[in-house]
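The values are calculated or read from the model by the stated rules, or taken from the named source; none is laboratory data. Computed from a predicted model, the values in this text were never measured in an experiment. No Cβ is skipped: glycine too gets one built from the backbone with ideal geometry, and neighbour counts run over all protein chains shown.
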Amino acid sequence: MTLALRSASLRRRLRFTAPRRVARRPAEDGGPNPAPGACGAMAASVNPVGPPHRLIPRMSPALFLLLGIALAGSIPALAPPKFYAYCIEVGVPGVHPRPWEEQAALLRQLGYDGGGFELSFDDTLEANLLAFDRAGLEVCLVWTSLNVNPGSGPVHDPRLPGALRRLQGRSITVSLLLRGLPPADPRGRATALRALRELGDVADRAGLRLSIYNHVGDWTESLPFIVELVREVNHPRVGFNFNLCHWLKVHAGEDWQPLLRAHASKLFAVTLNGATVGASTWTHGLIRPLDEGDF
């Protein structure tokens, strides 16, 4: 009940209240203006590749705290942003992900427009997608991992290209976490470039977008490093995420706006949440409900 009231209250605020800390100037690379009114924190610019996505709040493991993702897209001036949940019930002892049907029912009850989830490779993929279709919700983002360490196994699950093809016809961004080596270790560069270009071709044929996720401890921990990697990959279907809490953890005190403005055309997804600048802890610090903290 508390979450439902918080969610409803926040939706009303998002529709009628100008956001704080919103990037409003045109992108320096000639890209379009960032969209106004995105979740009270920042707005992502229009992505020239593929159909537009809009704002996505995020749900924390087990507690379903209100967080947010914005997938790059244009928002009509008078239209309220779509409201999504990023459902990540992984890595928490004693917490097991709810079936997609249960999550779809919960998100619909709470008034969300859809959600983002871990990508599955088995026969449950179609069933999960259909569960959201039946609920009238969108699956707007899925995520999976790549291994960039050339000496420690395959780069990705061999079923990944097939899973991407099975998503054809859906307006979905696929977030990629690049792991297996310390942040920016040069040993991973050749493997990453090859994999991203190959998967980019698969995504192109399926009408999808690939977005590299900045995550603490990953090979792609640093967002400036990711931006340089995307430039080197040079594929129209490969861009990057901006994850607010991980940016604050890695780049504390730095201004994120110039980097995002300068590379807005490759900003495919934005993960937003409430956060306290300068905090050292995740819970109640770098990750808070969307209407709390400095964002």
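Assess whether F225 counts as being crowded, with 24+ Cβ neighbours inside 10 Å and within 18 Å of the chain's Cα centre (by Cα). No: the conditions fail for F225. Can you say whether F132 is closer than 19 Å to V174 by Cα, modelled with pLDDT of 90 or more, outside any loop (DSSP other than H, G, I, E, B) and not small (G, A, S), as far as the supplied structure shows? Judged against the criteria, F132 is a match. In segment 99-126, the qualifying residues are those that are surrounded by 13 or more Cβ atoms within 10 Å (Cβ to Cβ) and more than 16 Å from L141 (Cα to Cα), and the one that is modelled with the lowest pLDDT is P99. The residue pairs whose first member lies in segment 223-239 and is within 13 Å of L178 (Cβ to Cβ), whose second member is assigned to a helix (DSSP H, G or I) and among the aromatic types (F, W, Y), and whose beta carbons are closer than 7 Å, counting only pairs six or more residues apart or on different chains, are L223/W247. Name every residue in segment 249-282 that is modelled with pLDDT of 90 or more, part of a strand (DSSP E or B) and within 18 Å of V230 (Cα to Cα), in order of residue number. The answer is L267, F268, A269.
Only a single item in (1) over 14 Å from the mean Cα position of the chain (by Cα); (2) under 24 Å from E138 (Cβ atoms); (3) crowded, with 17+ Cβ neighbours inside 10 Å is not met by R205, and it is number (3). Go through G200, G162 for me and flag whichever is closer than 22 Å to E228 by Cβ, of a type in the set (G, A, S) and modelled with pLDDT of 95 or more. Result of the check over G200, G162: G200. Determine, yes or no, whether R159 is out of contact with any helix residue (DSSP H, G or I) (no Cβ under 6 Å at 6 or more places or on another chain), over 26 Å from F242 (Cβ atoms) and in contact (Cβ under 8 Å) with a residue 24 or more places away in the chain. Spelling it out, R159 is indeed out of contact with any helix residue (DSSP H, G or I) (no Cβ under 6 Å at 6 or more places or on another chain), over 26 Å from F242 (Cβ atoms) and in contact (Cβ under 8 Å) with a residue 24 or more places away in the chain. Out of all the residues in segment 135-144, is one or more in a loop (DSSP other than H, G, I, E, B) and either buried (at least 18 other Cβ atoms within 10 Å of the Cβ) or under 19 Å from the mean Cα position of the chain (by Cα) (or both)? Within segment 135-144 (the criterion being in a loop (DSSP other than H, G, I, E, B) and either buried (at least 18 other Cβ atoms within 10 Å of the Cβ) or under 19 Å from the mean Cα position of the chain (by Cα) (or both)), the answer is yes, since at least one residue qualifies. I'm checking my understanding of the structure. Among residues of segment 180-194 that are surrounded by fewer than 20 Cβ atoms within 10 Å (Cβ to Cβ) and assigned to a helix (DSSP H, G or I), which one is nearest to the chain's Cα centre (by Cα)? Among those that are surrounded by fewer than 20 Cβ atoms within 10 Å (Cβ to Cβ) and assigned to a helix (DSSP H, G or I), it is L193.
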